[in-house]
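Here's the structure we're looking at; comments come further down.
The values are calculated or read from the model by the stated rules, or taken from the named source; none is laboratory data. Given the structure is predicted, the values throughout are model-derived calculations rather than measurements. Heads up, the Cβs are rebuilt from the backbone with ideal geometry, glycines too, and the neighbour counts pull from every protein chain shown.
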Amino acid sequence: MIRSVYASTIVFLGLLLSACGGSSTTPPQNQATVPIKEAGNTVTTNGTKQPGNTTDTKAAENEEKKQELLTGLSTKAPAEDVAASGDTLFVAEGDKGVEIIRIGYHDRIDHELIGIITGINATSLRLSEDQTRLYIQNREGYVNIYDISNINSPKRIKIMADTAVDLSPRTKNGLYEFVAKQEKGFIVYDVSNPSNKSEAAVYTHSPAFEIVLIDQDTKALVATKSDGIILLDISDIDHIREMGHHAIAGETLGVSVDEQSGLLFVANGTRGVGVFNLNIFLDTMR
C-alpha cells in the first residue's frame, strides 16, 4: 500500500540572498508571507590572473586557487543535493524542502531566492532531459514529479515509488547507466537493451553519493561525502581510473554542472552550496 505523502506547498518569496549568507526565518507551511527585499552581494567570476612575474609559479597557483571557489550560497537547512538548469538552481534541504534560486552570471554572480517547495523531506534531485520536469526524491521512498516549465509556478503532477523511476545518469548514447551506491561506490549498467539491463562494471575504490558525467561522457565527477570530489576517466568502462581528487571542507553530498555558464555547484551540507569555476576546478585535479 502506498504511504501517504505530505501535500507540497510552494511558498514564493522575493528574497535576494547575500553571498555572505544572510538568513531568514522559514515561513510555516500553508501560510502566506510578505515578500522581503535585501541588497545582494556580488562575486566576480573573472578567472584572469593578476599580471606579475611569470616565473613565480607558486603565486600563480595561489591566484588560481582563489578564483576556483567563486562564492558560497547559504541555505535554510543543510544542502543534500543540487540540480542546475540554465539560470535556475534547485537545492534539496531535507525537511525544509527544495529552494529555488535564480543565478545571475556574466561578469559577476548574483543569486535570488524565488521560491520554496515545502512539505517534502527532499534528499535528492534530478532534472528531465528537456529540463521541464524536476524529480524530487524524499526520505520516505517516493519521487515527487514537478512541472517546472513555468519556474515561477511549479506544479506537482505525479508521485511514484522510487523503484518505479530511473533517476541515475546515463551516457548520451544510451549505452550505460551509473548508479551511485553511496559507501559502496557505484555500479555501471549496460542499458543498450532496456528489457535486459546488465551489470557492466563495479567501482568500489571510493564512496559515490552523486555522479555527474562531463566531457562528452568520457569523465565523471563523483561526490564522496567525506572525501571531497574525485575525477574519473570513464572512457573505457572496463578500466575506470581516477584522474584526480579535490578535497572540500565539510560534507560533499551532491554535484551539478551547468555547461552553458561553466559553473560547478556542490551540495556542501551545513555549509550550503559551493559555486566553482568548473575549468579551474578540473585543472587543479589533473
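Worth pointing out:
- Options Tyr203, Tyr142; residue that is crowded, with 16+ Cβ neighbours inside 10 Å and touching a Phe, Trp or Tyr at 6+ places or on another chain (Cβ under 7 Å): Tyr203
- Ile211 vs. criteria in contact (Cβ under 8 Å) with a residue 24 or more places away in the chain, of a type in the set (A, V, I, L, M) and within 29 Å of Gly94 (Cβ to Cβ): yes
- Asp190 vs. criteria in contact with a Ser or Thr (Cβ under 6 Å, 6 or more places away or on another chain) and of a type in the set (Asp, Glu): yes
- Cross-chain or 6+ apart pairs with Cβ under 8 Å, the stretch 191-204 first and of a type in the set (Val, Ile, Thr), then assigned to a loop (DSSP other than H, G, I, E, B): Val191/Gly174; Val191/Leu175; Val191/Lys197; Val202/Gly185; Thr204/Lys184; Thr204/Gly185
- Candidate set: the stretch 180-200, residues that are of a type in the set (Ser, Thr, Tyr) and surrounded by fewer than 13 Cβ atoms within 10 Å (Cβ to Cβ); chosen: the one nearest to Leu278 (Cα to Cα): Ser198
- Test: Glu177 is surrounded by 15 or more Cβ atoms within 10 Å (Cβ to Cβ), in a strand (DSSP E or B), free of Cβ contacts under 8 Å to residues at least 24 places away in the same chain and not aromatic (Phe, Trp, Tyr): yes
- Members of the stretch 107-142 found to be more than 17 Å from the chain's Cα centre (by Cα) and either under 22 Å from Phe209 (Cβ atoms) or among the polar types (S, T, N, Q) (or both), listed by number: Thr118, Ile120, Arg139, Glu140, Gly141, Tyr142
- Tally, over the stretch 264-286, of residues that are modelled with pLDDT under 95 and assigned to a loop (DSSP other than H, G, I, E, B): 3
- Restricting attention to the stretch 210-256, the residues that are among the acidic types (Asp, Glu), modelled with pLDDT of 95 or more and under 16 Å from Asn268 (Cα atoms) add up to 2.
- Test: residue in the stretch 193-209 that is within 20 Å of Glu177 (Cβ to Cβ), basic (Lys, Arg), modelled with pLDDT under 95 and part of a loop (DSSP other than H, G, I, E, B): yes
- Scan of the stretch 133-148 for residues that are assigned to a loop (DSSP other than H, G, I, E, B) and closer than 23 Å to Leu264 by Cβ, ordered by number: Ile148
- Filter result (touching a strand residue (DSSP E or B) at 6+ places or on another chain (Cβ under 6 Å) and of a type in the set (A, V, I, L, M)) within the stretch 231-262: Leu231, Leu232, Ile234, Ile237, Ile240, Met243, Leu253, Val255, Val257
- Output for the stretch 237-263, where each listed residue is in a loop (DSSP other than H, G, I, E, B) and surrounded by 14 or more Cβ atoms within 10 Å (Cβ to Cβ): Ile240, Ile248, Gly250, Glu251, Leu253, Ser261, Gly262
- The stretch 158-205 - residue that is within 19 Å of the chain's Cα centre (by Cα) and hydroxyl-bearing (Ser, Thr, Tyr) and, of those, nearest to Gly228 (Cα to Cα): Ser168
- Taken together, Ala180, Ala161 contain a single residue that is among the aliphatic types (A, V, I, L, M) and assigned by TED's automatic domain parsing to the domain that holds Gly254, which is Ala180.
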